[in-house]
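Throughout, read-outs are computed from the coordinates displayed, never taken from laboratory work. As the structure is a prediction and not an experimental result, all values here were calculated from the model. Positions of Cβ are backbone-derived with ideal geometry, glycine not excepted, and every protein chain shown enters the neighbour counts.
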Amino acid sequence: MKLMPLPQRHLKCGRFELDLSVPHIMGILNVTPDSFSDGGHHHQVNDAVKKALEMMQQGATIIDIGGESTRPGAAEVSLEEELCRVIPVVKALSQYEVILSIDTSQPEVIQQAVLNGAHIWNDVRGLTRQGALSMAAGLDIPVIIMHMRGEPTTMNHLDQYENVTHDVMNEIEQRVQDALIAGVKVDNIIIDPGFGFAKNAEQNFELLNEFWQLNKLGYPILSALSRKRFIGAATAQSDPQARAVGSVAGHLLSIQQGACMVRVHDVREMADAIAVWKMMQM
Ligand code: 8Y7
């Protein structure tokens with residue numbers, strides 16, 4: 001396996017500068033109604049803020065706020081509903097020293113989120129929704145361009161690849177080119193191979209094994225495999241919560257190959273692994 005140095009550069013995120021020469025933890029904050037207590041909207045916002053503060057204390061430098069479930073087969077969420085879930089949490093967290101990323105594909109959601117203090121657009125659909133490219137260019141914020149095929153509802157049938165790593169890289173490059181042509185700045189682009197999206201377990205592991213190849217595209221790379229099904233398949237853990245150790249292992253292997261960001265549920269565990277990894281870099 002190749003050991004890749006991380007990019008020697010900074011990512012501008014509003015008033016923050018993220019040093020990409022060290023790995024960063026993005027903590028996952030789901031703000032779907034099933035994620036928190038059903039004690040009413042106010043309590044849900046409070047719970048979300050509490051969870052985010054806990055992840056920051058454990059070592060997350062970025063919080064990824066998501067109001068739409070992208071699980072295979074999940075129902076679509078209306079714009080109003082997504083705004084209603086995400087914006088109050090963004091407002092509350094914008095008071096803290098933390099970078100806020102928004103997991104959404106809707107241009108109107110990221111626009112409102114940025115107006116309320118968000119910094120990064122995490123789009124699992126790679127800026128393919130109507131108006132997404134021009135919104136990304138206009139907002140001038142970092143965007144995570146993830147590889148997927150189809151929609152979360154249809155993607156499981158779209159896993160025919162000639163060579164998964166090459167095909168994923170080519171398709172990411174096309175999305176990136178579209179973004180650049182639309183006026184997204186080269187320094188605002190982060191790429192992500194999209195583990196689990198239109199890929200079967202074997203393909204996900206092939207992609208993890210060849211993760212270093214993504215460096216050839218020349219953009220900072222996010223790795224996101226936290227608690228995913230292929231990690232469960234390898235570890236024989238059907239309960240997602242029991243996949244923390246397997247996820248840490250996968251993320252660390254991608255950091256070793258050049259990922260400068262990992263999107264995780266289990267922040268403390270990941271932070272410990274990175275602390276050990278950092279001691280090997282001296
Ligand atoms: C990813 C993601 C999800 C991913 C990026 C899950 C929102 C499914 N997966 N964003 N989001 N990359 N950038 O299991 O792989 O967390 S949702």
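Assuming Ala137 fulfils every condition listed in (1) under 30 Å from Ile99 (Cα atoms); (2) within 15 Å of the ligand (Cβ to nearest atom) apart from one, which condition is it?
Only one criterion in (1) under 30 Å from Ile99 (Cα atoms); (2) within 15 Å of the ligand (Cβ to nearest atom) is unmet by Ala137, namely (2).
Return the pair list, or none, for Cβ contacts closer than 8 Å from residues in the stretch 144-170 that are surrounded by 15 or more Cβ atoms within 10 Å (Cβ to Cβ) to residues that are polar (S, T, N, Q) and assigned to a strand (DSSP E or B), at least 6 apart or on different chains.
Short answer, once both residue conditions are applied: Ile144/Ser101; Ile144/Asn122; Met146/Asn122.
Being part of a helix (DSSP H, G or I), in contact (Cβ under 8 Å) with a residue 24 or more places away in the chain, closer than 19 Å to Lys12 by Cα and within 16 Å of the ligand (Cβ to nearest atom) is the requirement here; does Val109 meet it? Give the steps one after another, and end with the answer.
On the way: part of a helix (DSSP H, G or I): yes; in contact (Cβ under 8 Å) with a residue 24 or more places away in the chain: yes; closer than 19 Å to Lys12 by Cα: no; within 16 Å of the ligand (Cβ to nearest atom): yes.
Answer is no for this residue.
Those residues that are touching a Pro at 6+ places or on another chain (Cβ under 9 Å) and surrounded by fewer than 22 Cβ atoms within 10 Å (Cβ to Cβ), I need them from the stretch 261-280; list them, please.
His265, Ile274, Trp277, Lys278
When only residues in the stretch 207-234 that are more than 10 Å from the ligand (Cβ to nearest atom) and polar (S, T, N, Q) count, which is surrounded by the fewest Cβ atoms within 10 Å (Cβ to Cβ)?
Residue satisfying both the conditions and the ranking: Asn209.
When both residues are 6+ apart or on different chains and their Cβ atoms are under 8 Å apart, which pairs have a first residue that lies in the stretch 14-31 and is outside any loop (DSSP other than H, G, I, E, B), and a second that is among the hydroxyl-bearing types (Ser, Thr, Tyr)?
These pairs meet every condition: Leu18/Thr61; His24/Thr61; Ile25/Thr61; Met26/Thr61; Met26/Ser101; Ile28/Ser226; Asn30/Ser69.
Can you tell me which residues in the stretch 175-203 are part of a loop (DSSP other than H, G, I, E, B) and either within 14 Å of the ligand (Cβ to nearest atom) or within 22 Å of Met135 (Cα to Cα) (or both)?
Within the stretch 175-203, Gly183, Val184, Lys185, Pro193, Gly194, Phe195, Gly196, Phe197, Ala198, Lys199 qualify.
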